[in-house]
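Written out below as structure tokens is the structure these notes cover.
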Amino acid sequence: MQTATGFARQVEVNSARLMEELQVLSKFTSVEQPNEGTAVTRIVFSEDDLKARAWLKRLAAEDGLLVREDAVGNTFYRLVGSEPDLPAVATGSHIDAIPHAGMYDGTVGVLGGLEAIRALKRSGLRPRRSIELVLLTSEEPTRFGIGCLGSRLIAGILDPESADNLHGAERGKEAETLAQVRDAAGFRGPLSSVRLKQDDYYAWVELHIEQGPILEREQIPIGIVTAIAAPASYRFTIEGVGGHAGALLMPDRRDALCAAAEIILSVEKHALATKAIDTVATVGTCEVYPGAVNSVPSGVTLQVDIRDIDPARREVVMLAVRGDIDELTRKREVKVTEELVNADQPAICSEHVIEVIEQVCAELGIPSKHMVSRAYHDSLFMAQIAPMAMIFIPCRGGVSHRPDEYASPSDIFHGTQVLANTLARLAME
Ligand code: GLV
Ligand code: MN
Ligand code: MN
């Protein structure tokens, strides 16, 4: 059997081209505030997202990759192997970006994946297994309130019918349903058809920036992810009583925003109380109704994001928050409704894929270390249908989800080299 060993050093990523393509992709953005430097806002199925997808499709087609799109817009770019009936080796990530984000989150995995496949083709290696790059739809929860839409549907853990009814999390804004939005974007057909089978992929590997400070601090160019922490998110709706900001007397108030403020602090207090570095909780949005300076807030919607490598400890925090909410609803005479958006399990990475990445790093002479991903990724769900692992590269100051997110060309190059050679090895197995 032909093996990838020995090919490894021949697979050479074109760093200049990859960096140029990352720059081009970053220009597909709809940033609301000018003068924000490199800020990228690319909400799923927005005009910019669709333009970026079309550009990427052209790039992949130029390289002779077979392109397939599914009903939710996940896009598959396949290099056909010499034994096309074998389960393929897959890689991928996302190109949607939260408001005022940077230009590397997700995109390094997509464009790095494309360049890795091109490098393999240039090397003359003919993989046994097909190698597939996947652009996954809506990894970010910005538009539909839940992250990893495309990969959840691939893994079959999101009911297709309720997925089609998902709509914007914000009152009055982005209220179209997923069914309407994907239809307008040209992605049609039943969402049930998105699901993939257990043996479609032999392995899944995602390249991503670390989004944390550890690799930079320890000056290690590659992180090999062993597990992904379990995310959960909730929506709290607080109903109080509004009125005139001048005329409604203080003792008579049932201010929804004041109640929300207590909930926000309760989330922080109980996440800190676990004393575990892996417990993190955030209230990332707060929508106030009616939202006028001279009006007492009558309604508030909060979105809470809470994660832990230990889902039981995550639940302990939520129980404590609910205890506080019971107390404050009585005290403030407001009504609080809790809606669970998602509560996922952690993912454990495949020992075999980890081992292959380790071997590749050793062969390329690139130092690496094992680490946990506290951010979630589509890999959390791809792990349900294929042995999964992730390759992390450092990002400056550990900063992500900000315009000043930055990963150096040399770190991106090393990550892509490791990805290309990992795909090569796996595709020869
Ligand atoms: C992904 O963007 C996350 O929020 O972890
Ligand atoms: Mn992100
Ligand atoms: Mn990401």
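The values are calculated or read from the model by the stated rules, or taken from the named source; none is laboratory data. What you see is a predicted model, and the numbers here were worked out from it, not measured in a lab. In this analysis, Cβ positions are derived from the backbone assuming ideal geometry, glycine residues included, and neighbour counts consider all displayed protein chains. Protein only, heavy atoms only, side chains kept; ligands, DNA and RNA dropped before computing areas. Shrake-Rupley method; radii C 1.70, N 1.55, O 1.52, S 1.80 Å.
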Residue satisfying condition, being modelled with pLDDT of 95 or more, under 23 Å from VAL418 (Cα atoms), within 16 Å of ligand 3 (Cβ to nearest atom) and among the hydroxyl-bearing types (Ser, Thr, Tyr), within set SER373, SER368, SER350
SER373
Per the filter on the stretch 158-178, residues buried (at least 16 other Cβ atoms within 10 Å of the Cβ) and either at pLDDT 95 or above or under 17 Å from ALA386 (Cα atoms) (or both) are LEU158, PRO160, ALA163, ASP164, LEU178
Taking the stretch 330-350 and keeping only residues that are surrounded by fewer than 15 Cβ atoms within 10 Å (Cβ to Cβ) and of a type in the set (Val, Ile, Thr), one is left with THR337, ILE348
Looking at the stretch 373-385, I want the residues that are closer than 17 Å to VAL89 by Cβ and have a partner that is aromatic (Phe, Trp, Tyr) and away from ligand 2 (no atom under 12 Å from the Cβ) with Cβ atoms under 8 Å, at least 6 apart or on another chain. Which pairs are those?
SER379/TRP204; MET382/TYR201; MET382/TRP204; ALA383/TRP204; ILE385/TYR201; ILE385/TRP204
Qualifying positions in the stretch 274-300 - of a type in the set (Val, Ile, Thr) and either within 16 Å of ligand 2 (Cβ to nearest atom) or more than 23 Å from the chain's Cα centre (by Cα) (or both)
THR274, VAL280, THR282, THR285, VAL288, VAL293, VAL296, VAL300
Would you tally the residues in the stretch 194-216 being open to solvent by 50 Å² or more (accessible area, probe 1.4 Å) and in contact (Cβ under 8 Å) with a residue 60 or more places away in the chain?
6
Any chance the stretch 258-273 includes a residue that's assigned to a strand (DSSP E or B) and over 18 Å from the mean Cα position of the chain (by Cα)?
no
Quick one: in the stretch 371-429, of everything that is away from ligand 1 (no atom under 16 Å from the Cβ) and acidic (Asp, Glu), which residue is surrounded by the most Cβ atoms within 10 Å (Cβ to Cβ)?
ASP411
Taking the stretch 195-229 only, how many residues are within 16 Å of ligand 2 (Cβ to nearest atom), under 17 Å from ASP378 (Cβ atoms) and not in a strand (DSSP E or B)?
3
Members of the stretch 73-119 that are more than 16 Å from ligand 1 (Cβ to nearest atom), over 21 Å from SER410 (Cβ atoms) and either modelled with pLDDT under 95 or within 16 Å of the chain's Cα centre (by Cα) (or both):
GLY73, ASN74, THR75
Look at the stretch 78-111 and say how many of its residues are open to solvent by less than 10 Å² (accessible area, probe 1.4 Å), over 19 Å from VAL44 (Cα atoms) and not β-branched (Val, Ile, Thr).
3
Counting only residues that are within 16 Å of ligand 2 (Cβ to nearest atom), give me the helices (runs of 4 or more DSSP H) lying completely in the stretch 70-179 with at least 2 of them.
107-122, 149-155
